[in-house]
């Protein structure tokens, strides 16, 4: 009886194995990029949502402060250079009876020493108290790139209030955020012509 013939067992050659590994590496790299891109996009959306929430909160705070401005003398607004603005308001803007019936709301901003943008603060102090008595009620230390304001007098908008002559007609805040770009808040300080009360924009 003739002996049976044995055929070699099929398998991958070294070249085929290298090609398969290369293809697998390319596929894995593509999958990683897709997953990583999705995570980065999700993180970016979360940051934008957080910044929008902060902007909406800041807008409500500034609007409430302007609604509670003291109308009679002494002057209801004080400007200190290009980095501080003070409003004199009724104490109802903050639920702290120890601050009294009238308060000064101090806004101040400065470049972040770490180079991340701007540091913006809102402080409230008793109208007749010392600056050291001021209570920090809001601080933005990340995400804000630029902050400034302008006052509208009878002629035009005055950046940082420079040269603005009272009575001021409107106040315009401008903010630029890293995640959501520039945003502006404009509020009337005087009733519009023909209006019986202050109009909210």
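Please treat every number below as a calculation from the coordinates, not as lab data. Quick caveat, the model's predicted, so the values are computed rather than measured.
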Between the stretch 116-172 and the stretch 21-37, the Cα center-to-center distance that results, in Å: 51
Per its Cα gyration tensor (rounded if a/c is under 1.5, else prolate when a/b beats b/c, else oblate), the stretch 49-188 is best filed as oblate
For the chain, what is the mean residue ellipticity at 222 nm derived from helices alone (per DSSP H run of n ≥ 4: -39500 (n - 2.57); sum divided by total residues; nearest 500 deg cm²/dmol)? -10000 deg cm²/dmol
